[in-house]
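Okay, so here's the structure we're looking at.
The values are calculated or read from the model by the stated rules, or taken from the named source; none is laboratory data. As the structure is a computational prediction, the values presented were derived from the model and not from experiment. Here the Cβ is made from the backbone with ideal geometry for all residues, glycine too, and neighbour counts use every protein chain on show.
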Amino acid sequence: MAYRPSRRTHNTPADAEPNMTPIMNLMVVLIPLLLTSVQLIKISIIELNLPPAAAADAAMAKQSKKDRVKKLDLAVIITDKGFYLSSSSAILKARKGKPSIPLKDGQYNYELLAEKLFAIKEKASGRFQDTESITIQAEPSIDYQTLVSTMDAARSIKRDGRELALFPKASISALVL
């Protein structure tokens with residue numbers, strides 16, 4: 001059964017173009033709004049070196065004693081009590097069981113850390129091959145900003161208005177308790 005067409009008349013001709021003015025007005029307002037609300041993010045990259053693989057340690061163990069070079073193997077261990085400084089030959093302690101650089105008023109003392117590392121750098125230069133590298137270890141509860149600030153303190157120190165390099169080759173390692 002066929003229905004007859006509606007009696008209403010349509011006033012729009014079939015070839016009429018749609019009115020784009022409201023859409024254009026919307027875009028003119030939205031584009032500047034979106035561009036001004038974009039947040040610009042500054043991304044910083046810290047170059048770090050991972051510790052050598054176990055295979056490299058095994059190959060080094062096979063070398064004869066006269067071929068081996070004395071290494072400093074300096075490490076900064078970050079705990080909730082402060083910083084422990086250690087090398088392949090000794091651990092720098094303030095008192096028995098206490099950290100080398102304890103917390104000062106509940107905060108990490110990065111200035112004293114840089115000073116101690118500067119003293120170690122002066123004593124070690126010329127005696128050890130790896131006076132440019134340091135390993136930083138942290139407890140799992142240590143936050144990321146503390147780790148980065150420790151790396152910054154270990155990289156350089158300001159002396160007499162100029163910046164001196166301490167240990168620019170920083171490596172991050174897991175803390176083994």
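Residue count for the stretch 119-170, restricted to those that are hydrophobic (A, V, I, L, M, F, W, C) and free of Cβ contacts under 8 Å to residues at least 40 places away in the same chain: 2. Scanning the stretch 119-147 for residues that are of a type in the set (Lys, Arg) and surrounded by 16 or more Cβ atoms within 10 Å (Cβ to Cβ) turns up just one, 121. The one condition from (1) surrounded by fewer than 13 Cβ atoms within 10 Å (Cβ to Cβ); (2) basic (Lys, Arg); (3) touching a residue at least 12 places away in the same chain (Cβ under 8 Å) that residue 116 does not meet is (1). Only a single criterion out of (1) buried (at least 17 other Cβ atoms within 10 Å of the Cβ); (2) over 16 Å from residue 84 (Cα atoms) is not satisfied by residue 153, namely (2).
Do we have any residue at all in the stretch 126-149 that's closer than 26 Å to residue 106 by Cβ, hydroxyl-bearing (Ser, Thr, Tyr) and in contact with a helix residue (DSSP H, G or I) (Cβ under 8 Å, 6 or more places away or on another chain)? Yes; the residues of the stretch 126-149 include at least one that is closer than 26 Å to residue 106 by Cβ, hydroxyl-bearing (Ser, Thr, Tyr) and in contact with a helix residue (DSSP H, G or I) (Cβ under 8 Å, 6 or more places away or on another chain). For the stretch 100-134, filtered to residues that are hydroxyl-bearing (Ser, Thr, Tyr) and at pLDDT below 90, the residue that is nearest to residue 79 (Cα to Cα) is 100.
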